1. State whether segment 143-231 is rounded, prolate or oblate according to the following rule on the C-alpha gyration tensor (a ≥ b ≥ c being the square roots of its eigenvalues): a/c under 1.5 gives rounded; otherwise a/b larger than b/c gives prolate, and the remaining case gives oblate.
2. What is the spin-label model distance, in nm, from T315 to A98 if the labels are put 7 Å beyond Cα along the C-beta direction?
3. Could you derive backbone 3J(HN,Hα) for segment 71-77 from the dihedral phi with the Karplus parameters 6.51, -1.76 and 1.60 (θ = phi - 60°), listing whole Hz in sequence and x where the residue is Gly or Pro?
4. Using Cα centres only, tell me the gap between segment 136-197 and segment 236-308 in whole Å.
5. Along the charge dipole of segment 5-178, which of A92, G164, A121 sits closest to the positive end, that is, farthest toward it, with unit charges on the beta carbon of Lys, Arg, Asp and Glu (+1, +1, -1, -1)?
6. So how much slack lies between A228 and L208, counting 0.36 nm per residue of separation and subtracting their Cα-Cα distance, in nm?
7. Could you rank the peptides 32-41, 124-133 by their average count of other C-beta atoms within 10 Å per residue, with the highest value first?
8. Taking θ = phi - 60°, what integer Hz values does the Karplus form 6.51 cos²θ - 1.76 cosθ + 1.60 yield along segment 155-171, in sequence order, with x for Gly and Pro?
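Here, each number is a calculation from the coordinates, and none is a lab measurement. Every value quoted in this text rests on a predicted model; they were computed, and no experiment measured them. Cβ placement follows ideal geometry from the backbone for every residue including glycine, while neighbour counts extend to all protein chains displayed.
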Amino acid sequence: MSGGATGEAGVTGEVNVTGAAGVTVRVPAKVNVQLAVGAARPDGFHDLANVFLAVSLYDEVTATPADRLTVTCEGPDADKVPLDATNLAARAAALLAARHGIAPDVHLHIAKAIPVAGGMAGGSADGAGALLACDALWGLGTPREDLLAICAELGSDVPFSLVGGAALGVGRGERLTELPVAGPFHWVFAVADGGLSTPAVYAEFDRLAEGTDVSEPAASPALLDALATGDTAALAAALSNGLQPAALSLRPSLAATLAAGTEAGALAALVSGSGPTTAFLVKDAESADAVAAALRASGTCRTTRTATSPAPGATLL
C-alpha cells in the first residue's frame, strides 16, 4: 500500500521495535443488511436489531514486540486514522494487557483497505484485529468469550469484526447471535469524500424521530431467510437501514450516489451503517464491475470497491 502515515499511541519519540517476528491478523469490513433502530435509551444508546454481514474488504493489523505501545498506519486515507491512545487498536492492546496484568509493549501496524469513517466498521475491525494479534503475540490464550467481552467494551461493532460471517446484533449491537448464511453475495461500495460522525447521525435520527412512535427493533424474517438460502433477489427486497434518512439529511448528495448505482443496474442500494459509504447489491461479478464503472463515471463518489460476502472474521495469517 502507499500513502502511509506514522505515529504513536500516547508517547513521543521514535518508534522502537525489537526486530522480533510479528503476528498479522486480517479482519473484514461489514455491511449492515438490516439496521432497525429503536428510540434513544436513558443512557443515550439505542436498542438495535442489527444484521451484520462481513464482506471481503480487509484491514491487516500486525503486532510486533516493542518497548512501548505504538501505532502506525498505511494505505488509503491513512492520514485520517488517529495514531494516539484513542485508536481502537491501541485501546484493544491496552485493555488486553490490563486484563492479564502485563505492560502493553507492542507496535501495531495497520494496513488500511477498509474506508475510513465510512460506516463499514474499519476502526472496529482494527480493534478486533489488534486484540487477536496481541493475544497471539503475547501467548495469552484468552478464551473467546473474554475476547468478545473486551470487544464489546471497545465498541458496539467490534465483536462482529472478530466473529465475521453473518450475525444479528441486539442491545446496542454488541450482543451477537451468529446466523446461517449462504451466498456468495456480490457488492459494490461507493466511497464518499469525507466521513460522517456516527454520533451525529444518531443525533439526527433522534431529531427526525421526535414526536413520533419509534417501533421496537426486530430482525426481518424474510431477510434472515434470504441470507440462509443465498437468495440474492430476496435479500435485495429485504435490505433496510433505519439510519439512512438521517445520513441523507446530513449528506443530501448521497441520494445522487444511490440513484446512480440503481440506474446502473444494482438490485438494491442503501447507505452502509451510519454512512457515508453507500452499498449496492448486484447479481454477479460482471454486474459488480459494470455498476462500479458507472458509479465512478457518474461523479457522485470518490472511488468504488467491489467485494463478496460472507467473509470470515478476524483471522491469523
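1. rounded
2. 3.2
3. 9, 10, 8, 9, x, x, 6
4. Going from one Cα centre to the other spans 22 Å.
5. Of the options given, the answer is G164.
6. Here the answer is 3.9 nm.
7. Most protected by this proxy first, the peptides run 124-133, 32-41.
8. Values, residue by residue: x, 5, 8, 5, x, 5, 4, 6, 7, x, x, 9, 7, 9, x, 10, x Hz.
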